[in-house]
Structure formats: C-alpha cells, structure tokens
1. If I filter region A:137-164 down to residues being hydrophobic (A, V, I, L, M, F, W, C) and at the interface with chain B (Cβ under 9 Å from one of its Cβ atoms), which single residue comes out as farthest from A:MET218 (Cα to Cα)?
2. How many of the residues in region B:139-152 are outside any loop (DSSP other than H, G, I, E, B) and crowded, with 18+ Cβ neighbours inside 10 Å?
3. Is one or more of the residues making up region B:113-128 within 22 Å of the chain's Cα centre (by Cα), in a helix (DSSP H, G or I) and surrounded by fewer than 18 Cβ atoms within 10 Å (Cβ to Cβ)?
4. Hey, does region A:70-91 have a residue that's within 11 Å of chain B (Cβ to nearest Cβ), in contact with a Pro (Cβ under 7 Å, 6 or more places away or on another chain), within 30 Å of A:ALA253 (Cβ to Cβ) and buried (at least 19 other Cβ atoms within 10 Å of the Cβ)?
5. Any chance region B:17-24 includes a residue that's in a loop (DSSP other than H, G, I, E, B), at positive phi and either touching a residue at least 12 places away in the same chain (Cβ under 8 Å) or surrounded by 22 or more Cβ atoms within 10 Å (Cβ to Cβ) (or both)?
6. Specify which of the listed residues (B:VAL248, B:VAL225, B:VAL257) is in contact (Cβ under 8 Å) with a residue 12 or more places away in the chain and part of a helix (DSSP H, G or I).
7. Can we say A:VAL210 is part of a strand (DSSP E or B), in the same structural domain as A:SER261 (by TED's automatic domain parsing) and buried (at least 24 other Cβ atoms within 10 Å of the Cβ)?
8. Answer yes or no: is there a residue in region A:113-136 that is in contact with a helix residue (DSSP H, G or I) (Cβ under 9 Å, 6 or more places away or on another chain), at pLDDT 95 or above and in a helix (DSSP H, G or I).
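The values are calculated or read from the model by the stated rules, or taken from the named source; none is laboratory data. These figures come from a predicted structure and were not determined experimentally. Cβ atoms come from the backbone with ideal geometry, glycine included; neighbour counts cover every protein chain shown.
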Amino acid sequence: MSELVPAPGDGVLVQGITGRQASFWTAKMREVGTEVVAGVSPGRGGSKVDGVPVYDTVAEAVSEHGIEWSVLFTPALATAAAAVEALEAGVEHLVLLAEFVPRQDTLRILEVARQRRAVVLGPNTAGLVVPGACSLGIMPAFDREIFRPGAVGVVSRSGSLGTLVCLELVSAGLGQSAFLGVGGDAVVGTTTREALMALAGFDRTEVAVVIGEVGGTMEEDAAAAVRALGVPVVAFVAGRTAPPGRKMGHAGAIVSGGRGSAQGKVTALREAGAVVVETPSELAAAVTRAVGRRGGR
Amino acid sequence: MLLEEHLGKRLLAEHGIQVPVSSVVSSPAEAADAAAALGLPAVVKIQVPAGGRGKAGGVRVVSSPEEASAVADELLGSTFGAFTVSTLLVEQRIEHEREHYVAIADDPLRRTPVLLCAAEGGMEVEELERTAPGSVRALPVSLIDGPDPQEVAELVLGAGVAAGGCDRVVETLLRLWRCYVDSDAELVEVNPLALSAGGEVWALDAKCALDEAALARHDLLGELVAQQRPARAETPESAAAAQGFLLVSLDGDIGVVANGAGLTMATLDVVQHYGGSVASCIEIGGDNYTKGAEAVELLLRDGRVRSLLVNLCGAFARTDVMAAGVVDALLANHRDLPTVFSIHGTGSVEARALVRERLGISAARTMDAAVQAAIDAARGARV
C-alpha cells in the first residue's frame, strides 16, 4: 500500500498552485491533514498560497523541502512538461488531475515514470483519500458524510460516482481504508488491478469495492486478480445502458466493436468470485454482508 | 476522431507511404469523369468516418464511366450507420499479390504504443482476431526512443509475412510510426497493405484516429479535420457538443442532468433498473459545473421530457453552483416541469437550502428515491 498512498509525514507538492481551483483545493487538502509543504507556479516564486511557499520550479521546491508526492492542477496541454519536470526532479509519486491530456503525452509521462520507478495516478483522476490522514486531489475528503476512517478500500474510475459510493458506505455506518481514483482516460498510470491489489494489501482493508465503467479492459484485468486477493470484492459497473459507439463523458468510456461492454466486465468479475450489484445503493449492504462473512470465518 | 479515408491517406502520403491515385467526388458526373481519367477498372468508395464499409457494399469496382456514374448515383445520399454519404473516393485499382495488416495503436494495460502486424489483411481486425487468434502480432515501442528496425523486422517475419516482402513492410511500419507520432494520433491502421508482384507497397485503405485533445497544437491537422464534411446532420448531441457539453439522446421520457461521466452513466442505469426510461441526459461535470442553466436549456429542447431528474454529487464541481444554474433556468422558462433533485458532496448543504428556498421543494434523501420520484412524475405527466 505504501506505494499508492502517502505515508505519514510524506511531503506533498502542488503544481499549478496559484490557479483558482488549485488554491481552493490546497486549503481543503490541508484542512484534512495533508502535508502540503510547497507549491510550484512558474513566475510566481516567492509568493504564498494558504501559507504554503511557492517556487518557480520543482527543482527549487525539492531542494528546500522533502517532497514524496506531487498533485498536478496543471492545464491538460501543460501537464506532460510539468509531470516530466517533477519526475526528473526526483518526485516519486504523481497525481494527474487534468482531463483531456493528449494520449501520447500520457504515454510519454508513463514511460519516464517507469524508467524512474515512479507511481502515477491518472490522468483525469479525482485523486486519492485516506480518511483521517490525507487527501490528494479534488475529492470531498473534508465531508464527514462521505469519508470516514474504516475498513473498505475503494477504487473508482470516476470521481463523481466514487463520491456517491463513499457517501452510501458512510450512510450505512461503514468507512474507507482508502479511496483511489484511477481516472477516466483510456490509458492511465495505475490500473484498476494495481489499485485493487494495493488496497487489499493495506492492513485496515477488510473489503474492496471496485467502481468500474464501460470501455477498455481494466475491469476484466482486475477480475483476474480477485481470487488471490485475500479480501472479498464488491463491484458496480456503470454504463450497462450506455449506447454503443459513444464516448460517455470519459475518454475511456466507449463500447466499440463489441469490446468494453458492461456485461463482459460484470461476467468476468462474477466468475472471479466478486459480488456485482445492480445499483450503487446496493453496494453498502453487499459490503456489510461481505464483512460479516469474513468476520464469521 | 476518425478521419475519412481520403484524409487519412493524405496523412500517409505526406509520410512517404504510397497510396493509389484518386479523386474525391460528390456527383455521378464527377465520378464518371474521375473513373475515365484514372483508368479502368477503378474503385469507388464511400467516405464516412466508420469501419466496415466493404462488407456493407460501400466499396465497388467499376469497369466503365457509365458504371461509375450509376454506382455513385446509388451510393450518394445513402445512409451508412449514423452517416449520410455525401462524398466518394474514386481510386485507381491496384493489381497486387498479397494483403497484409499493419497498425499502430496503444495498449492500455502495457501503457505503451504497439506496432501491430498480421500476414493476412483485408478483413476487419476484430474478425481476424476471432477467426485466427494469435495472428495479429504486437511489438511494444518506446515513445521516447522509437522502434528498433531489427525488432520490427522480427515482428513482421514472426507474423508470417514472406521474407521477400519483409523489408518493404518494415519500411512502411517505420514510416507509419513517424505518421503516428507527428500527428499525435490515437490509431493509424493500413488494412490492407498490398504488395504487388513487382515489389511495390500500397496503402489501399487508411484508418487514422486523431486525438481531439491534441488538435490545438497541430495547425495542419486542424485544417484536415475542417475538411471533413459534417457527415451527420445536426443532432441534439452535436448542438450540445458545439457548446462543450456531452448530451446523449435516448428514447424515453425523463430528462437527466448529472455531473461527471461515471455518475451520469450510473444514473441512466438506475433509471432503467427501476423501470423508467431516459429521453436525454446532459453532463455538467468538470469545467461545465458553472453552466447548469445552459445545460438545462439544451436538454429541454427535447420535447419528450416529462420530468427532470437532477443528480449532483459534488467533488470538484460544487453542487451549490450547479444547482443555482439549474434553478435559474427552471424559474426563467420551465416552472411547470416536475423536477426532482438528489444532492450530495461539496456544497450540498447550501445547494439543498437553495433548492428549498427558490423552488419550494426538498431534495430527495437518496439517489434511488430521486430516480423513483422522477419516474412517477413522468408517468403522472403522461396520464
């Protein structure tokens, strides 16, 4: 797990920190305990955002602070340069929030990250949350109706649907060990399977929840890991009613040539032993049953 | 976005891949003239941004100008999937001995581009994989270093391409790589790649999918895309897309406004789960979260909408901002439309209060309750 969520005391950088959304979310991230130690905004070095010192380059920030993670609020077309800058400055974990990062930019970022054994979440992710500890991104971690410390590890391609599911869990008296948003693009740095395995490896996790959607093969790939996971998996796959051939808002959410259908994903997950529910509101009850079965063993 | 064949072939030709001489025509008379000028027999192909044209009768060999005219008359104005055929490509027919498959795509699980090659080309690649599993070979390639010619040769030979044609296929793949990188493409595919008895290589088709997210940094690609005729008539989807919204039109009676792709898809699923049906849905997530009013107006151009379901679960997109936009539009122009709200996440306390004060209604406690109320309201409105 250590690789996919910050360890206590890990320093966090915010790239693009002087933007309106970035400064709003920097305050929100700090409110829940995230150690935002520095920000980067070219040309704005020397200023402060919410008390956080701002630098012109990642290299300068790294020379002044211990930085293990960077959250990028950069515009889509500026994300590749900013991500590579962070990787080359030695930052080992990136969270890429931007939507509409060109596909080849993503592939280039991920190649540099592989060379440096760095971890990338996203692009087009809402980020990650460890309730009670930290939040990197744009999830409402500060809302106690939605995030509470607990035993359910959640991985989701979507931020909005992930939020709804986390709300349902808390409403049912449950909480999350961590939430990992993997992102809605067709190519992302951390796959659903990798996120699922990381969550299962986290001591606090007793049940894992997978929020998938149509398009691609990440859910089928994750299904292959379900049996050996060691924790029960409850899943929901969005887009059963999505018409084929249309991108459903996420670049990766498209059923084409019979590939990427919700039914194929549901079948793969069920055959691997996961419980797949019909609507998000059935998730919490299914999770509670799974915890009960586990506890009774 | 997939380019029409003739535009894809221009990209290939710019990267030194040989394509047949051709003309783009839009009338039977032009088709006859083009066929006569190019030499007979010639090939007439419909130009729509979609695969499977050959199987659907959209690719014909003609042996006289009169036949070219008759075929063009038949094809122009016909429909192919969602498209109406308005242009044809009239092309020299190339005599050849063998047909291969080459492409460059990305592999989302490996997270690299891959060069693809199969010895048997001509049919759709999905069909090829079904009928001859394992026949499409893949080589992962570094986007930073580019392909190694030796490895490409091993790929091509490994796919079963005869040694005599190997060098030419490798050369084509290396040119295709330049085309893929220079065009910031998501996919470039040549199927079939034809080899003539004299050792010449021809791209007989071109499937180039450009990345809309990258078009802004390629002036030339933008010009190419602008030439692609609007193949679809104006639809509610395209009107919304022109204003930066995702709208999906279905066949029911409930209008859905939701934020985020995942939540929007799940909302459609849940409506169906409870026996309702959606007329249209529009997404107001991401940067569109301040545009609730515009979204409602676009959505309600659909006269079939009998109840409105507003499903908001805010993270980045603040629900109070989204709800305020929706309420503005409802109060201005749609006071009588039964509307149900489900509001959770960032800004939800303010958003619920706003809906209560300005519309005099309470947001439903859960998404499922909201969905059921919207279904009941649509039924009630129908009676």
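1. Among those residues, the one meeting the criterion is A:PHE142.
2. 2
3. The answer is yes; a qualifying residue exists.
4. Yes: region A:70-91 contains one or more residues that are within 11 Å of chain B (Cβ to nearest Cβ), in contact with a Pro (Cβ under 7 Å, 6 or more places away or on another chain), within 30 Å of A:ALA253 (Cβ to Cβ) and buried (at least 19 other Cβ atoms within 10 Å of the Cβ).
5. Within region B:17-24 (the criterion being in a loop (DSSP other than H, G, I, E, B), at positive phi and either touching a residue at least 12 places away in the same chain (Cβ under 8 Å) or surrounded by 22 or more Cβ atoms within 10 Å (Cβ to Cβ) (or both)), the answer is no, since none of the residues qualifies.
6. Only one candidate passes the filter, namely B:VAL225.
7. yes
8. The answer is yes; a qualifying residue exists.
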